1. Between a first residue in region 51-64 that is at pLDDT below 95 and a second residue that is buried (at least 20 other Cβ atoms within 10 Å of the Cβ) and in a loop (DSSP other than H, G, I, E, B), which pairs have beta carbons less than 6 Å apart while being 6 or more apart in sequence or on different chains?
2. What number of residues in region 93-129 are open to solvent by less than 80 Å² (accessible area, probe 1.4 Å), over 24 Å from Ser54 (Cβ atoms) and of a type in the set (Gly, Ala, Ser)?
3. Out of the residues in region 43-84 that are among the small types (Gly, Ala, Ser) and exposed (fewer than 14 other Cβ atoms within 10 Å of the Cβ), state the one that is farthest from the chain's Cα centre (by Cα).
4. Answer yes or no as to whether Ala40 is at pLDDT 95 or above and within 19 Å of Thr123 (Cβ to Cβ).
5. Collect the residues in region 27-42 that are open to solvent by 30 Å² or more (accessible area, probe 1.4 Å) and under 12 Å from the mean Cα position of the chain (by Cα), keeping them in residue-number order.
6. Assess whether Ser101 counts as being among the hydroxyl-bearing types (Ser, Thr, Tyr), in contact with a Ser or Thr (Cβ under 9 Å, 6 or more places away or on another chain) and in a loop (DSSP other than H, G, I, E, B).
7. Take Ala24 and tell me if it is open to solvent by less than 20 Å² (accessible area, probe 1.4 Å), more than 17 Å from Arg115 (Cβ to Cβ) and part of a strand (DSSP E or B).
8. Give me the residue from region 1-21 that is assigned to a strand (DSSP E or B) and closer than 17 Å to Ile70 by Cβ and, out of that set, most open to solvent (accessible area, probe 1.4 Å).
Amino acid sequence: QVQLVESGGGLVQAGGSLRLSCVASGRTFTNYAMGWFRQAPGKEREFVAALRWSDSSTYYADSVKGRFTISRDNAKNTVYLQMNSLKPEDTAVYYCAADRSSVPLYVTGKLSAQRMDYWGKGTLVTVSS
């Protein structure tokens with residue numbers, strides 16, 4: 001089995017920063033697409049950022065582009081989401097997810113929640129105004 005464990009959430013003021021981590025275990029991820037979704041109360045889970053493990057190509061939702069940065073550490077099997085210039089509307093539970101195929105990400109430029117194979121349990125990010 002593949003397990004994804006997120007950490008790094010918390011309470012920050014608007015304009016502040018947080019770094020989320022997602023540690024993957026159980027299988028190799030050389031051809032995986034990995035990334036982050038978020039879900040606020042009453043809203044659908046939305047794509048935030050993604051990375052192709054094989055070449056570290058990155059993709060972002062328009063709402064976070066220029067503020068968030070996704071990266072990875074091969075040795076640690078870890079994906080990070082550096083979140084800067086946080087806004088109250090960024091408040092949500094953030095989920096790490098993985099797709100066993102990186103092709104859809106390459107083609108579409110985003111991850112689809114419906115086709116993710118693995119999910120973390122989420123970490124809460126709260127941004128106060």
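The values are calculated or read from the model by the stated rules, or taken from the named source; none is laboratory data. The model shown is predicted, which means the values in this text are computed figures rather than measured ones. As a convention, Cβ positions derive from the backbone with ideal geometry for all residues, glycine included, and neighbour counts pool all protein chains shown. Protein only, heavy atoms only, side chains kept; ligands, DNA and RNA dropped before computing areas. Shrake-Rupley method; radii C 1.70, N 1.55, O 1.52, S 1.80 Å.
1. The qualifying pairs are Arg52/Ser102; Trp53/Phe29; Trp53/Tyr32.
2. Counting residues in region 93-129 that are open to solvent by less than 80 Å² (accessible area, probe 1.4 Å), over 24 Å from Ser54 (Cβ atoms) and of a type in the set (Gly, Ala, Ser) gives 2.
3. Only one residue fits best here, namely Ala75.
4. Against the criterion (at pLDDT 95 or above and within 19 Å of Thr123 (Cβ to Cβ)), Ala40 qualifies.
5. Gln39
6. no
7. Here the answer is yes, as Ala24 does meet what is asked.
8. Arg19
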